[in-house]
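Notes for the one structure printed next.
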Amino acid sequence: MPAATQIQLDDMTRLLQSGPVLIGEDHTLGHARLAIYELIKRGAVQFLSIESPIGPSCMVRADGQLLPQRTADYFEGATPMHNPTMSMQTLVGYAMEQNVSVYCHDVPLAKSPLNFFARIGDDYSVYPTQAKQYLPDSMPALPTTTGSAANKFVARNMYSATYLKTHLGAGVRVLWNLVILAGASHVDVQQCGQARTLQARLGIADTRVFRLD
């Protein structure tokens with residue numbers, strides 16, 4: 001699919017006035033991120049949640065919002081897939097400059113580099129312990145490698161939904177001006193099943209889902 005059309009951007013802008021929008025992307029292409037950039041520029045976005053490991057407690061506010069002063073540390077430890085058009089850090093930086101609250105909702109690896117950047121003294125167990133509390137029954141432990149997590153769309157959707165509902169409330173499904181960015185597979189009915197997509201787990205209507213991959 002090519003870049004977002006003007007009609008799609010207008011539709012997203014309109015929908016954000018009454019609830020959330022979920023955008024599925026190919027992580028190596030810039031279509032979704034450029035669309036979000038434009039939506040932020042329009043003043044249509046107040047909250048943004050990205051598919052990146054949840055922030056360690058020392059890097060986020062009580063509601064899970066990433067602390068602006070800790071974003072550099074966060075991205076030292078988080079390693080999003082390379083996107084030549086717009087990096088996740090660039091998108092997050094722009095969002096924060098425009099006073100958009102930024103959240104991260106994906107499951108981290110058991111031995112994520114974030115463990116190092118989030119440690120308190122010599123205690124490396126704080127972040128993994130924090131992250132495990134959102135695990136669904138279908139994912140009994142944090143993934144050990146990126147490869148082991150890559151195709152676990154259903155379990156990760158449950159993880160993300162639990163995290164977002166915990167921090168943004170069960171009403172995340174009707175939260176105005178919220179954009180959720182995820183890999184296209186997470187919103188794909190064929191790969192996840194109708195009731196197990198990220199939008200289904202969050203209670204967001206399919207009419208609020210856009211695939212820009």
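The values are calculated or read from the model by the stated rules, or taken from the named source; none is laboratory data. What you see is a predicted model, and the numbers here were worked out from it, not measured in a lab. When we count neighbours, we look across all protein chains shown, and the Cβ atoms used for this are built from the backbone with ideal geometry, even at glycine. All accessible areas refer to the heavy atoms of the entire protein, side chains included, with ligands and DNA or RNA removed. Shrake-Rupley method; radii C 1.70, N 1.55, O 1.52, S 1.80 Å.
Residues that are farther than 23 Å from G171 by Cα and free of Cβ contacts under 8 Å to residues at least 24 places away in the same chain: does the stretch 73-81 have at least one? There is at least one residue in the stretch 73-81 that is farther than 23 Å from G171 by Cα and free of Cβ contacts under 8 Å to residues at least 24 places away in the same chain. May I ask you to list the residues in the stretch 11-20 that are open to solvent by less than 10 Å² (accessible area, probe 1.4 Å) and not in a helix (DSSP H, G or I)? Those that are open to solvent by less than 10 Å² (accessible area, probe 1.4 Å) and not in a helix (DSSP H, G or I): L16, G19, P20.
Would it be correct to say that Y124 is under 22 Å from S57 (Cβ atoms), at pLDDT 95 or above and aromatic (F, W, Y)?
no
Residue selection: M96 fails the criterion of being touching a Phe, Trp or Tyr at 6+ places or on another chain (Cβ under 8 Å) and among the aliphatic types (A, V, I, L, M).
Any residue that is open to solvent by 90 Å² or more (accessible area, probe 1.4 Å), in a loop (DSSP other than H, G, I, E, B) and touching a Leu at 6+ places or on another chain (Cβ under 9 Å) - is there at least one of those in the stretch 107-119? The answer is yes, given that some residue of the stretch 107-119 is open to solvent by 90 Å² or more (accessible area, probe 1.4 Å), in a loop (DSSP other than H, G, I, E, B) and touching a Leu at 6+ places or on another chain (Cβ under 9 Å).
Only residues that are basic (K, R), open to solvent by 40 Å² or more (accessible area, probe 1.4 Å) and part of a helix (DSSP H, G or I) were counted across the stretch 21-76, and they come to 2.
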